[in-house]
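The values are calculated or read from the model by the stated rules, or taken from the named source; none is laboratory data. These figures come from a predicted structure and were not determined experimentally. Backbone-built Cβ (ideal geometry, glycine too); neighbour counts: all protein chains shown.
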Amino acid sequence: MRRSRASSTRAGSGNYTGANVGGIPSLTDTGYQVQASAMAVKDLVQIYATGSQVFGDYCKPSEFRAGANWYFMRTRGLRMNGEFIEVHHSPVGYTAYPMPVGANGPIFHINLEMNF
């Protein structure tokens, strides 16, 4: 019986080992994110803002967003969220983030969130 062993490397080193890693190029990305929030009306309205930027090999994407959560039942499990996002060269895209990869521009969206 033959044993195989996968080894891990330090993140960002580019020295990957294991199956199917021959095509992974070395990549360098660094960045930051800043967030702030406050309860504008105790137990009812939360406001927030966040900004981020990535300094990478392919681009320098950035994002700014500001929004508010309205806890209309005064419980964390049910809220209405409104948010404005300004994005430049979006590095990600998926169903919960309303921009495709590489997108530029503003977006405003409102959603009802229920946790159970």
* Could you list all residues from region 13-55 that are of a type outside the set (Val, Ile, Thr) and closer than 16 Å to residue 70 by Cβ? => 37, 38, 39, 40, 42, 43, 44, 46, 48
* Structure fact -> Conditions (1) surrounded by 11 or more Cβ atoms within 10 Å (Cβ to Cβ); (2) of a type in the set (A, V, I, L, M); (3) touching a residue at least 12 places away in the same chain (Cβ under 8 Å) -> residue 112 fails only (1)
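Taking region 68-82 as the search range and keeping residues that are outside any strand (DSSP E or B) and exposed (fewer than 14 other Cβ atoms within 10 Å of the Cβ), which one is modelled with the lowest pLDDT?
Narrowing region 68-82 to residues outside any strand (DSSP E or B): 71-77.
Going one step further and asking which of them are exposed (fewer than 14 other Cβ atoms within 10 Å of the Cβ), we end up with 72-77.
On the way: 72: 95, 73: 94, 74: 93, 75: 89, 76: 86, 77: 90.
Only one residue tops the list, namely 76.
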* Mind listing just one residue for me: the one in region 55-67 that is touching a strand residue (DSSP E or B) at 6+ places or on another chain (Cβ under 8 Å) and part of a loop (DSSP other than H, G, I, E, B) and, of those, surrounded by the fewest Cβ atoms within 10 Å (Cβ to Cβ)? => 57
* To do: Find all pairs meeting these conditions: Cβ atoms under 8 angstrom apart; at least six residues apart or on different chains; first residue within region 38-54 and loosely packed, with under 14 Cβ neighbours inside 10 Å; second residue of a type in the set (Asp, Glu) and not in a strand (DSSP E or B).
  => none
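Within region 38-54, restricting attention to residues that are under 18 Å from residue 74 (Cα atoms) and assigned to a strand (DSSP E or B), which residue is nearest to the chain's Cα centre (by Cα)? Before you say what the answer is, go through the steps one by one.
If we filter region 38-54 for residues that are under 18 Å from residue 74 (Cα atoms), which is where we start, we get 38-48.
With assigned to a strand (DSSP E or B) added as a condition, the list becomes 38-41, 45-48.
Values: 38: 20, 39: 22, 40: 24, 41: 27, 45: 23, 46: 20, 47: 18, 48: 15 Å.
Ranking the qualifying residues of region 38-54, first place goes to 48.
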* Asked: Does region 55-88 hold any residues that are hydroxyl-bearing (Ser, Thr, Tyr) and more than 15 Å from the chain's Cα centre (by Cα), and which are they?
  -> 58, 71, 75
* Asked: Just one of the numbered conditions (1) among the small types (Gly, Ala, Ser); (2) at pLDDT 95 or above; (3) more than 19 Å from residue 111 (Cα to Cα) is not true of residue 18; which one?
  -> (2)
